[in-house]
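See structure below.
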Amino acid sequence: MSAATPDPDQPWARLAPDYEQARAKEDSLDRLVEWPAQRELLGDVTGRSVLDVGCGNGGKLAELVRDGAGPSVGVDISGNFLTARPSGLQLVQGDLSELDSIRELSGRRFDRVLFLQSFGYAFDPVRTLEAARAMLADDGFIVLTRTQPIRYAIERAEQNGTSLGEEYFSSATFSYKSGWNDRITLTKRPYTISDLINVFSAAGLWIETAIEPQLPEDAGRRYPHKQAWMNKYLGILIFKLRPRPEHHDERTRL
Ligand SMILES: C[S@@+](CC[C@H](N)C(=O)[O-])C[C@H]1O[C@@H](n2cnc3c(N)ncnc32)[C@H](O)[C@@H]1O
């Protein structure tokens, strides 16, 4: 384990296997919508080194390495990793809030850094993104995905009998039962879309592309319950982020 030792009460220590089981289902939105869109934004990874932050069991990164990516590292707090790994793939138990203290990442540079549904767990989001930016190779970029904040606002408005706007703009931390295991409660700080954009900007990044992937039509027909979910909750946002050159210059001058 690198950096901070994970708290056994950390919900992901217990939730990780349930998440992977749900993700593997043939009608999972990760499989139908998110991973295909994430891969498209990543483009050709041949020979590219990839850092996957909050990599889960490392399955997505293993696929990239099998498809020709260069030496790659996945970091996750759960330590619930694949045992069968292609060579060139290293999986490290560590905390994304302490990226700069993870020994295995020291002095490393990556062509791609991924935060796939993991960025929300950063204690200090700007610091985590700055650490990731500092690990980017020349011409490298970050792919970051987050749940549409409107989804959580809709759920809370329904639960609390309030309005979408009241919940979307609320700053109170909220807890909810995980959809992957209802015995585990996750706690989140609310965020708006402008909060996200401002965090990227404060970390010296600019948004090259933002997408809101949707179910392909045939998948929507095959899995109408998933289409209904997407129609109600919208899905996820995916950002391709690059370092702002002037920000880099400012920091090297210091
Ligand atoms: C929703 S899952 C996403 C997993 C994977 N990136 C994917 O796209 O399938 C969130 C992941 O973030 C990890 N995570 C949560 N808090 C973390 C932390 N503080 N440091 C590193 N990983 C963390 C969890 O263990 C979990 O694997």
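No lab work stands behind these numbers, since they all come straight from the coordinates. This structure is a prediction, so every number in the text was calculated from the model and none was measured. Don't worry about glycine lacking a Cβ; one is built from the backbone with ideal geometry, like all the others, and counts go over all protein chains shown.
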Next item on the list: Mind listing the long-range amide H neighbours of VAL92? Cut-off is under 5 Å, sequence gap 5 or more, other chains count too, H placed in the peptide plane at 1.01 Å from N.
Entry: GLY74, VAL75, ASP76
Notebook entry, point to check: Can you give the extra length, in nm with one decimal, that the chain gains between ARG31 and ALA137 once fully stretched, where that is 0.36 nm per residue apart less the Cα-Cα distance?
Noted result: 35.3 nm
Notebook entry, point to check: Which of the lysines could a cross-linker bridge to LYS177, judged by Cα under 24 Å and excluding same-chain residues fewer than eight apart?
Noted result: LYS25, LYS188, LYS226, LYS232
Margin query: Could you tell me the center-to-center distance, by alpha carbons, between the stretch 183-251 and the stretch 115-180 in angstrom?
Written below: 8
Next item on the list: Take the chain, connect every pair of alpha-carbon atoms lying under 10 Å apart with a spring to form a Gaussian network, then pick out the residue of LEU64, LEU205, LEU164 with the largest mean-square fluctuation.
Entry: LEU164
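With both partners inside the stretch 112-200, how many of the DSSP beta bridges are antiparallel, as a percent to the nearest 5?
Details: 4 of 9 bridges.
In the stretch 112-200, DSSP labels about 45 percent of beta bridges as antiparallel.
When you count, for each residue, the other Cβ atoms within 10 Å and take the mean per peptide, how do 92-100, 219-227 rank with the highest first? Please report the intermediate quantities before stating the final value.
On the way: 92-100: 20.6, 219-227: 14.0.
Packing order, densest peptide first, comes out as 92-100, 219-227.
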Notebook entry, point to check: From the backbone phi of the stretch 92-103, what are the Karplus-calculated ³J(HN,Hα) couplings (6.51 cos²θ - 1.76 cosθ + 1.60, θ = phi - 60°) in whole Hz, Gly and Pro given as x?
Noted result: 10, 7, x, 9, 5, 7, 10, 4, 6, 9, 7, 3
Next item on the list: Could you tell me the convex hull volume per residue, in Å³, taken over the Cα atoms of the stretch 14-71?
Entry: 82
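When the chain is fully extended, how far beyond the present Cα-Cα distance does LEU164 get from TRP229, taking 0.36 nm per residue of separation? Please list the in-between numbers first.
Numbers: separation 65, 0.36 × 65 = 23.40 nm, distance 1.69 nm.
This chain segment gains 21.7 nm when fully extended.
What's the long-distance tail for the stretch 36-119, i.e. % of Cα pairs beyond 15 Å? Don't skip to the answer; put the middle values down first.
Values: 1789 of 3486 pairs.
The calculated P(r) of the stretch 36-119 puts 51 percent of pairs beyond 15 Å.
Quick one: work out the % antiparallel among DSSP beta bridges in the chain, nearest 5.
Working: 16 of 34 bridges.
Approximately 45 percent, going by the DSSP bridge assignments.
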Checklist line | Pairs of alpha carbons in the chain whose separation is greater than 21 Å (percent) | finding: 60
Check: For the chain, with only Lys/Arg (+1) and Asp/Glu (-1) charged at the beta-carbon, what is the dipole magnitude about the Cα centre, in debye rounded to 20?
Finding: 220
